[in-house]
Amino acid sequence: MSIIEKDLHKALKTYFGFSKFKGLQEEVIKSILSGNHTFVIMPTGGGKSLCYQLPALMQEGTAIIVSPLIALMKNQVDAIRGVSKEDGIAHVLNSSLNKTEIKRVKQDIVDGVTKLLYVAPESLTKEENVEFLRSVKISFMAVDEAHCISEWGHDFRPEYRNLKHIIQRIGDDIPIIGLTATATPKVQEDILKNLAIPNAKTFKASFNRPNLYYEVRPKTKQVDADIIRFIKQNSGKSGIVYCLSRKRVEELAQTLQVNGIKAVPYHAGLDAKTRSKHQDMFLMEDIDVVVATIAFGMGIDKPDVRFVIHHDIPKSIESYYQETGRAGRDGGEGHCLAFYAYKDIEKLEKFMSGKPVAEQEIGQALLQEVVAYAETSISRRKFILHYFGEEFDNETGEGGDMDDNVRFPKKKHEAQDDVKLVLETVEATHEKYKAKDLVNVIVGKANALIKSHKTDELSVFGKGKDKEKSYWMALVRQVLVAGYLRKDIETYGVIKITKAGKNFIKHPESFMMTEDHVFDSTGDENIITSTKGGGAVADEVLMNMLKDLRKKNAKKLGVPPFVIFQ
Ligand code: ADP
Ligand code: MG
């Protein structure tokens, strides 16, 4: 070990009590200590904070840490103060401080006591703060959660956009450290560009989570029953079920409860007290399952979450990775199960309409990836890692057989001719139709629109009537994902043909179409269903319980009582 390495290990032990660096920490710290601009990409829980905390403590001057969340900053400051006798070693500078407190912070910085100064980007833009920071010694500037700078990230914050400008005003030769857990190549590029550190030394840890099992199941009307069945098969284990809307969270939590599962809801519409109570119940294992919107998760550190179920598919692979990443933190089993129906993608698309075109385009592209993930037949782990710019060989890689596609390969067949027919139909109908009407033409169903365009007189009309509509819809999606077709943003969903698509018509290539898994859902007597669904007739006592719950639910949420498994 060199002298520097010995010093580093000693400092690690003294300040944090750890005897070993985790992953790339040591290399990152050396890079920072050498004064390089440095870019760190590590999954959540990888130990990014220590990468800037340790060099800050070892160097002269104050390191400025930009972070988006006050709560996260406070935690970090408390932790750092815990390792030192000096209270002033770390401070937060934000708008909640009074004059005396601000004076104290500034004095500590001037005196060289403060090694880490945490600021939110808003506070950093304040003129008096910029002026002050210009006048003191700054060791480096770390931008934590740097993906907030990118519209392609899952948590864009406009205030992050100004950072480079401010950093330059504070001092134009300050080393800049960007850190993030979310690094698609696109976000990565955005971060380097916006922080203007194109030559930063980049350290990227693997995003592979070999202990997580990935699975996608078709989402049907029985989805609640499917979820209940899954949870019952995993009884006693901790899990999270993510839903898109607060209303759905409430409903599903109650459905689980009446089915004997210890579950609570969690979303931003609940008051702070209820939220923290439900979170504690989960951590203390008074309950097994939290049904939640994405509001649940940031900063939740329960190591033995055994499953993460998505009742609704999220709006990007990025979000899916983050949310499923909460399973199996302890390295033990973690089952990531997503329920997927293309209808949900269309719902997400609807949410985007009305937003600026650029934003819609990004949203569309991200959704396209989600569709591709859900409908792919390749290793899901390979797909996810590829999305993050990482090569993965599922024959040899760690966790290579941990997904449904690898364990239960999907059937495929040659669909070259069918693809050609789809593309020809798009051209023949002059790129005027959305997917549904295209398929109507292919199977030979004439509606008013098709009649008005006289599309029913074309030679492609009805040419694919030997196959189901659902087959053609699935094929159109796979052809979209393959890039032979694209959805027009301005006209909202009208299908256009791409250059590659035109080329395909002339020179058709092999196109292996994946057939959906068929999951046979065996009846389960333990699940309460409404008589409407034709399922088992529910026990009278439970039925009454349900009625009460529905009534309460209706009052509380202002929504009509819902019927389970309608
Ligand atoms: P990230 O910001 O990358 O999500 P954190 O900085 O919050 O990760 O660190 C995650 C956890 O790892 C923390 O509990 C931290 O104390 C721990 N940790 C960091 N470095 C080490 C290390 N060298 N040895 C052991 N634990 C570490
Ligand atoms: Mg962090």
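The values are calculated or read from the model by the stated rules, or taken from the named source; none is laboratory data. Predicted model, so just to flag it, every value in this text is computed and none were measured. Here the Cβ is made from the backbone with ideal geometry for all residues, glycine too, and neighbour counts use every protein chain on show.
Remarks
- The number of residues in the stretch 130-166 that are crowded, with 21+ Cβ neighbours inside 10 Å, within 16 Å of ligand 1 (Cβ to nearest atom) and closer than 21 Å to Val92 by Cβ comes to 6.
- Residues that are buried (at least 18 other Cβ atoms within 10 Å of the Cβ) and in contact with a Lys or Arg (Cβ under 9 Å, 6 or more places away or on another chain) number at least 3 in the following helices (runs of 4 or more DSSP H) confined to the stretch 406-465: 416-428, 435-443.
- Pairs with Cβ under 6 Å, 6+ apart, first in the stretch 63-88 and more than 26 Å from Leu163 (Cα to Cα), second within 13 Å of ligand 1 (Cβ to nearest atom) and in a helix (DSSP H, G or I): Val83/Tyr15
- Wholly within the stretch 32-115, helices (runs of 4 or more DSSP H) carrying at least 1 residues that are closer than 13 Å to Met141 by Cα and within 16 Å of ligand 1 (Cβ to nearest atom): 48-58
- Yes/no for Val28 being within 28 Å of Glu390 (Cβ to Cβ), among the aliphatic types (A, V, I, L, M), at pLDDT 95 or above and more than 9 Å from ligand 1 (Cβ to nearest atom): yes
- From the list Ile197, Ile231, Ile191, the lone residue that is away from ligand 1 (no atom under 16 Å from the Cβ) and either assigned to a helix (DSSP H, G or I) or among the aromatic types (Phe, Trp, Tyr) (or both) is Ile231.
- Strands (runs of 3 or more DSSP E) enclosed by the stretch 248-333 - at least 2 residues per element that are touching a Lys or Arg at 6+ places or on another chain (Cβ under 9 Å) and within 16 Å of ligand 1 (Cβ to nearest atom): none
- Residue in the stretch 126-137 that is under 30 Å from Thr184 (Cα atoms) and of a type in the set (Val, Ile, Thr) present: no
- Tally of residues being part of a strand (DSSP E or B) and within 16 Å of ligand 2 (Cβ to nearest atom) across the stretch 168-188: 4
- Cross-chain or 6+ apart pairs with Cβ under 8 Å, the stretch 351-362 first and of a type in the set (Gly, Ala, Ser), then assigned to a loop (DSSP other than H, G, I, E, B) and modelled with pLDDT of 80 or more: Ala358/Glu151
- Matching residues in the stretch 22-46 - criterion: being within 16 Å of ligand 2 (Cβ to nearest atom), surrounded by fewer than 20 Cβ atoms within 10 Å (Cβ to Cβ) and without any contact (Cβ under 8 Å) to a residue 60 or more places away in the chain: Lys22
- Top-ranked residue in the stretch 167-188 [being within 16 Å of Val66 (Cα to Cα) and among the aliphatic types (A, V, I, L, M); ranked as farthest from ligand 1 (Cβ to nearest atom)]: Ile170
- A single entry from Lys547, Lys499 fulfils the requirement of being of a type in the set (D, E, K, R), modelled with pLDDT of 80 or more and surrounded by fewer than 16 Cβ atoms within 10 Å (Cβ to Cβ): Lys499.
- Subset of the stretch 116-146 [in a loop (DSSP other than H, G, I, E, B), among the hydroxyl-bearing types (Ser, Thr, Tyr) and either in contact (Cβ under 8 Å) with a residue 12 or more places away in the chain or in contact with a Ser or Thr (Cβ under 9 Å, 6 or more places away or on another chain) (or both)]: Thr125
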